[in-house]
Amino acid sequence: MDLIGFLYGFGLLHGVILAGVLLYSSSGHRLANTFMAGLIFCIAIRFLFSWLIRTDVFMSYPQWSILSNPLDFAWGPLLYLYAYAMTSKRFRPAQLLHFIPFLLLLSEPITFMLYPKEQQVAFLSYIWGDRENVELGRQVFNTVPTFWRVWMDLHLHGILFSIQFAVYCVLVLLRIRRHKQKLERNFSFTEQMDLRWLRTLTLLCVFFLVLFLIFNRGSIILYGQHEITTIYRNLPFLFLVIAIYIIGIKALRQPSILRGVIEADDEADDEADYGPEADSISQQKTVEKSGDGESQAAQASPAKYTRSGISLEDAQRYKIRMMKAMQDQELYLDCDLTLRQLARHVGISYHQASQVINGQMNQRFFCFVNNYRVQLAKDLMSDPKTSKMAIVDLAVEVGFKSKSSFYDAFKRMTEMTPTQFKKSLEPAS
């Protein structure tokens with residue numbers, strides 16, 4: 001066995017092990033883990049078939065040679081459904097329609113199995129070997145439909161796989177982005193919930209596609225090379241041998257994000273179900289919790305809350321109350337602060353708090369809270385008494401859960417890192 005064959009065998013073994021571990025994992029992502037295990041298993045099957053091709057096993061058993069081809073069109077749906085299951089508390093069976101291309105392409109190996117063994121061997125010799133052999137080509141295409149020749153000569157399998165997988169990678173990145181935006185509308189923290197690792201994984205898949213198009217499809221189209229065992233045609237799949245470790249290990253170590261998914265979805269459901277009757281009840285509760293002056297102002301306000309928003313006067317009043325609570329009571333120091341908790345603290349509904357922050361202040365709750373934290377951090381770094389505080393201690397002091405989240409938020413708000421801000425405070429020499 002050569003080195004490439006060994007690597008394929010190595011990837012196959014670990015792929016099967018990781019898929020099994022994911023299937024039997026006791027984490028809170030059972031459905032998501034099932035989709036990820038399916039993806040890893042499909043990749044492992046590709047390793048198996050690539051290894052069997054290199055060892056000429058399929059020349060003795062040609063009927064099984066292209067059985068794995070339809071599985072390539074399950075990669076994209078499985079990756080997307082993993083992201084869908086990780087970012088949604090409800091799974092809709094209609095999502096399984098993503099597997100229609102895979103099911104349709106099952107006709108390819110089934111049809112191939114119906115041909116006599118001699119024709120199957122000639123077919124494999126042609127597509128995996130020298131397509132310049134005119135006699136072999138004539139022998140093959142005298143016995144198979146024209147569709148097969150078009151499918152092979154235009155390399156439709158690899159091209160359609162590349163397009164489909166690229167589309168699903170984009171869909172996954174968009175879903176991760178929407179998930180992060182949903183978190184930022186409801187939480188002042190996104191650690192362990194923003195699926196940053198899945199974004200990295202998806203970008204690795206994009207990189208695999210680039211390698212595949214350059215070294216596999218590109219070499220065939222540009223140079224007419226059809227030898228399937230050459231190293232540069234196998235390079236993209238060898239890259240997957242490494243990537244499969246990242247996929248499986250990261251999926252196993254992914255902490256539970258169900259809290260963020262469920263709470264954010266619940267808030268969205270509350271907002272969607274929010275009607276005039278609920279508004280009047282919420283307004284009554286707000287008036288009861290308010291002081292006399294505020295009660296009279298609320299009662300005197302002729303405007304009613306509507307499904308589309310709240311009155312400008314009420315919005316300004318709620319904005320002042322939220323900012324006052326944040327400043328005077330330093331609620332932002334609570335690293336687990338959520339929009340629902342803030343709304344309850346100041347005596348308004350979640351819907352009203354969301355309308356004020358997202359609509360009136362034109363920002364997400366995440367930014368609203370972290371602005372206070374970053375400002376306090378700047379004050380502490382500017383104060384000679386606390387300017388020597390370590391960055392990690394400073395992050396915890398102002399309400400962040402980690403140094404990395406502090407760095408990200410600080411740079412997002414000030415366009416510089418905390419270290420750069422500290423240096424900017426030093427007197428010029």
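Rounded to the nearest Hz, the phi-derived 3J(HN,Hα) couplings of region 84-91 under the Karplus curve 6.51 cos²θ - 1.76 cosθ + 1.60 (θ = phi - 60°) are 5, 5, 6, 10, 9, 7, 10, 9, where x marks glycine and proline.
Using C-alpha pairs under 8 Å with a sequence gap of at least 6, the mean separation divided by the residue count of region 1-55 gives a relative contact order of 48 percent. Quick check: the distance between the Cα centres of region 143-181 and region 34-85, to the nearest angstrom? So the separation of the two Cα centres works out to 15 Å. What pairs from K324/K388; K89/K401; K180/K385; K182/K422; K319/K422 go past 27 Å between their alpha carbons? Too far apart for the 27 Å limit: K324/K388; K180/K385; K182/K422; K319/K422.
The shape of region 376-429 comes out oblate: with a ≥ b ≥ c from the C-alpha gyration tensor, a/c is at least 1.5 while a/b does not beat b/c. In loop segments of region 77-173 as defined by DSSP, the GluC sites (Glu not before Pro) with at most 15 further C-beta atoms inside 10 Å of their C-beta are E132. Spin-label pair L13-T111: with each label point 7 Å from Cα along the Cα-Cβ axis, the two points sit 3.9 nm from one another.
Once you list every other residue whose beta carbon is under 12 Å from the beta carbon of N142, what net charge do they have if Lys and Arg are +1 and Asp and Glu are -1? Once positives and negatives cancel, what remains is +1.
When the charge dipole of region 87-213 is built from unit charges on Cβ atoms (+1 for Lys and Arg, -1 for Asp and Glu) and taken about the Cα centre, the candidate among H179, F102, N142 whose Cα reaches farthest toward its positive end is H179.
Where in region 377-395 is the amide nitrogen less than 17 Å from a point lying 7 Å along the Cα-to-Cβ axis of H345? Counting only backbone N, you get 377. Taking 7 Å steps out from each Cα toward its Cβ at D56 and T146 produces label points 3.6 nm apart.
Relative contact order, whole percent, for region 376-429 stands at 25, derived from Cα pairs under 8 Å and 6 or more residues apart. With the simple spin-label model, which puts each label point 7 Å out from Cα in the Cβ direction, the V210 to D393 separation comes to 4.3 nm. Backbone geometry of region 119-125 corresponds, through the Karplus equation with coefficients 6.51, -1.76 and 1.60 at θ = phi - 60°, to 3J(HN,Hα) couplings of 5, 5, 5, 4, 4, 5, 4 Hz, x marking Gly and Pro. Phi angles across region 62-69 convert, under the Karplus curve 6.51 cos²θ - 1.76 cosθ + 1.60 with θ = phi - 60°, into 3J(HN,Hα) values of x, 5, 9, 5, 10, 5, 7, 4 Hz, Gly and Pro given as x.
Where a number appears in this text, it was derived from the coordinates with a stated rule and is not lab data. Keep in mind that this is a model prediction, so the values were computed, not measured. Note that we place each Cβ from the backbone using ideal geometry, even for glycine, and neighbour counts take in every protein chain shown.
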